[in-house]
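**Student:** Below is one structure. I have some questions about it.
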Amino acid sequence: MVTKKSLAASGAALALAGTLLAGSSGSAGAAPRGEVTAAVTCGDLAYLSDPAVATGQTTVKQASGETGTAQIRSGWYNGRQYGWAKASSSAWSSLNIVFEVDVNGDRKADCRYSSPVSSRIYTAAKATHSSSAVAFRACILFSVSNGCDAAATKTGWW
């Protein structure tokens, strides 16, 4: 099974092979002259509004606290791996499940998706990426205007 982590390793191997094939015009591991490496944006990651359709669903990160349990879930849809947030055992119906996405490796949210736990216990999903700079985390908040840094219940980054 191909996972986010194995895709990153495969991408790194391909990049190194491409550099070696390009000749010795640069140092090993450097991008060939003239090649620009584009940064990943939230819009670059495919969006799945209803991750309930994903197959092979599994919990990859979980955190429990007074507000309930926040999870990062993973699954496959149309040949792509996706991640999303899910709440379980939430203590109050006025809570929100929040899914944060970091695309540049600073482990700060570059985009955020949320759902009131009272109407839907999971968020929309974003496709995983081979870059280790791309990561997801989940939290449970009363107010979505706060980020997961303010949450008592939050997962680590995946």
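**Student:** Which chymotrypsin sites (Phe, Trp or Tyr not before Pro) in the stretch 62-136 sit in a loop by DSSP (not H, G, I, E or B) and have at most 15 other Cβ atoms within 10 Å of their own Cβ?
**Tutor:** Numbers: sites: Trp76, Tyr77, Tyr82, Trp84, Trp92, Phe99, Tyr113, Tyr122, Phe136; in loops: Trp92.
Counting only loop positions with at most 15 other Cβ atoms within 10 Å, the chymotrypsin sites (Phe, Trp or Tyr not before Pro) in the stretch 62-136 are Trp92.
**Student:** Using a cut-off of 9 Å between beta-carbons, work out the net charge of the residues near Ala133 (Lys and Arg +1, Asp and Glu -1, Ala133 not included). Kindly include the intermediate steps, with their values, before the conclusion.
**Tutor:** Values: positive: none; negative: Asp102, Asp106.
Net of charged neighbours comes to -2.
**Student:** May I pose another question? Among the trypsin sites (Lys or Arg not before Pro) in the stretch 78-141, which ones are in a DSSP loop with at most 15 other Cβ atoms within 10 Å of the Cβ? Mind listing them? Don't skip to the answer; put the middle values down first.
**Tutor:** Details: sites: Arg80, Lys86, Arg107, Lys108, Arg112, Arg120, Lys126, Arg137; in loops: Arg107, Lys108, Arg120.
The qualifying sites are Arg107, Lys108, Arg120.
**Student:** Next question. Report, in whole Å, the centroid distance computed from the Cα atoms of the stretch 79-102 and the stretch 38-71.
**Tutor:** Comparing the Cα centres of the stretch 79-102 and the stretch 38-71, I get a distance of 6 Å.
**Student:** With +1 on each Lys and Arg Cβ and -1 on each Asp and Glu Cβ, and nothing else charged, work out how big the dipole of the stretch 40-154 is about its Cα centre, in Debye to the nearest 20.
**Tutor:** On the way: 11 positive and 8 negative charges, 40 e Å.
For this selection, approximately 200 debye.
Where a number appears in this text, it was derived from the coordinates with a stated rule and is not lab data. Predicted model, so just to flag it, every value in this text is computed and none were measured. FYI the Cβ positions are ideal-geometry reconstructions off the backbone, even for glycines, and counts take in every protein chain you see.
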